[in-house]
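Novice: Sharing a structure here in structure tokens format.
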Amino acid sequence: MSAAADTIVFALPGNETLAAALAENHGAEIGALVMRRFPDGETYLRFDSPVRGHRVILACSLHHPDDKALPLLFAAATARELGAAEIGLAAPYLGYMRQDKRFQDGEAVTSALFAKLLSPHIDWLVTVDPHLHRWNSLDQIYSVPSTVIPAAPLLAAWIKANVDAPVLIGPDAESEQWVSAVAGIAGAPHVVLEKIRRSDHDVSVSVPDPATLRGRTPVLVDDIISTGRTMLAAVQHVMAQGLQAPVCVGVHAVFSGDAHDALLAAGASRVVTTDTIPHSSNGISVQQAMAKAVAALT
Ligand code: R5P
């Protein structure tokens with residue numbers, strides 16, 4: 001099987017724009033997938049386009065993964081039962097990557113468990129900058145081939161086009177890998193702060209050396225903005241130093257609770273994210289890069 005016509009792209013709810021970009025790049029068809037909830041909250045799902053003998057691509061970003069994982073597993077397993085020749089998953093945000101260690105006795109290492117649940121149902125996976133911290137690669141937990149699209153070139157291009165004299169700031173050691181890559185491509189200096197996280201919402205960071213930041217626009221860069229407390233602590237430090245109002249740039253706009261408003265209220269001049277997760281802050285699109293990566297695999 002090789003012709004684009006053999007490929008059908010299905011959008012799980014909320015992923016229609018991504019599915020359209022994947023299909024267009026591929027010259028592929030968009031399939032009809034009917035999904036609704038029964039009154040008791042269970043999922044009803046039906047393929048209204050034939051999948052037998054076709055390559056099926058499921059577009060499904062996995063933020064709030066507990067709501068999305070079961071419908072996705074049902075869709076993948078049903079496509080397999082109905083005779084799909086191949087099933088690929090295009091998930092710009094791959095959830096359940098952060099619990100990568102048993103920090104306390106008895107904890108579930110959900111990154112590995114989630115990968116174990118998903119892997120048998122798909123043949124390949126394309127995603128954008130998964131949160132690889134203690135895992136070196138998705139291959140350590142996913143048993144299917146994966147392609148990881150780096151967001152760094154896209155972030156760097158946006159920063160170059162939109163920020164005068166930027167200095168990039170990573171709010172914690174884990175952000176070093178993203179910040180240094182973005183800074184390298186953007187040709188800008190960077191510093192990384194030290195973070196202490198006491199709980200989900202209680203985060204502080206070290207004071208950067210203000211001298212390295214003066215006269216430049218601080219750009220805080222992180223892979224995930226979730227509670228926003230990591231970014232918020234960095235914004236507050238930058239403001240306390242009397243530096244220019246920072247620009248916050250994130251790859252994945254998880255934004256739980258008041259995270260987005262809190263960053264603006266603390267003094268951020270702008271908050272910009274990629275569209276791996278739909279959010280009003282999306283200003284950098286990964287969809288063409290996703291489409292190219294998927295096309296290269298098929
Ligand atoms: C750290 O592990 C990540 O790189 C992010 O800094 C972190 O996930 C952000 O989380 P939050 O927005 O909840 O502080």
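Novice: With respect to residue 204, is the statement that it is outside any helix (DSSP H, G or I) and either within 12 Å of the ligand (Cβ to nearest atom) or not hydroxyl-bearing (Ser, Thr, Tyr) (or both) true?
Specialist: The answer is yes for residue 204.
Novice: Continuing with the same structure: Does residue 224 qualify as being out of contact with any Gly (no Cβ under 6 Å at 6 or more places or on another chain), within 24 Å of residue 103 (Cα to Cα), touching a residue at least 60 places away in the same chain (Cβ under 8 Å) and β-branched (Val, Ile, Thr)?
Specialist: Spelling it out, residue 224 is indeed out of contact with any Gly (no Cβ under 6 Å at 6 or more places or on another chain), within 24 Å of residue 103 (Cα to Cα), touching a residue at least 60 places away in the same chain (Cβ under 8 Å) and β-branched (Val, Ile, Thr).
Novice: Follow-up question, since we're still on this one. What are the residues in the range 99-116 that are open to solvent by 50 Å² or more (accessible area, probe 1.4 Å) and touching a helix residue (DSSP H, G or I) at 6+ places or on another chain (Cβ under 7 Å), if any?
Specialist: 99
Novice: Which pairs do you get when a residue that is open to solvent by 60 Å² or more (accessible area, probe 1.4 Å), found in the range 26-41, comes within reach of a residue that is of a type in the set (Val, Ile, Thr) and modelled with pLDDT of 95 or more, reach meaning Cβ atoms under 7 angstrom, with the pair 6+ apart or on two chains?
Specialist: Pairs found: 29/8; 30/9; 37/43.
Novice: Could you list all residues from the range 140-176 that are closer than 30 Å to residue 120 by Cβ, within 16 Å of the ligand (Cβ to nearest atom) and free of Cβ contacts under 8 Å to residues at least 24 places away in the same chain?
Specialist: Within the range 140-176, 148 is the sole residue that qualifies.
Novice: Check residue 231 against each of (1) out of contact with any Cys (no Cβ under 7 Å at 6 or more places or on another chain); (2) in the same structural domain as residue 181 (by TED's automatic domain parsing) and name the one condition it does not meet.
Specialist: Exception for residue 231: condition (1).
Novice: Pairs please, first residue from the range 49-78 and within 16 Å of residue 113 (Cβ to Cβ), second anywhere and open to solvent by 40 Å² or more (accessible area, probe 1.4 Å) and assigned to a loop (DSSP other than H, G, I, E, B), Cβ atoms under 8 Å, 6+ apart in sequence or on different chains.
Specialist: 62/96; 65/96
Novice: Output the residue which, of all residues in the range 209-237 that are in contact with a Leu (Cβ under 8 Å, 6 or more places away or on another chain), at pLDDT below 85 and open to solvent by 10 Å² or more (accessible area, probe 1.4 Å), is nearest to residue 257 (Cα to Cα).
Specialist: The extreme case among them is 210.
Novice: For the range 113-131, what are the residues that are outside any strand (DSSP E or B) and without any contact (Cβ under 8 Å) to a residue 40 or more places away in the chain?
Specialist: 113, 115, 116, 119, 120, 123, 130
Novice: Same structure again: Hey, could you check the range 245-257 for residues that are of a type outside the set (S, T, N, Q) and in a loop (DSSP other than H, G, I, E, B) and say which is farthest from the chain's Cα centre (by Cα)?
Specialist: By that ranking, first place goes to 245.
Novice: Given (1) out of contact with any helix residue (DSSP H, G or I) (no Cβ under 9 Å at 6 or more places or on another chain); (2) at pLDDT 95 or above, identify the lone condition not met by residue 297.
Specialist: The number of the failed condition is (2).
Novice: Just wondering, is there one or more residues in the range 258-275 that are under 17 Å from the mean Cα position of the chain (by Cα) and in a helix (DSSP H, G or I)?
Specialist: yes
The values are calculated or read from the model by the stated rules, or taken from the named source; none is laboratory data. Quick caveat: nothing in here was measured; it's all calculated off a predicted structure. As a convention, Cβ positions derive from the backbone with ideal geometry for all residues, glycine included, and neighbour counts pool all protein chains shown. Remember, those area values only see protein heavy atoms, side chains included, never the ligands or the DNA or RNA. Shrake-Rupley method; radii C 1.70, N 1.55, O 1.52, S 1.80 Å.
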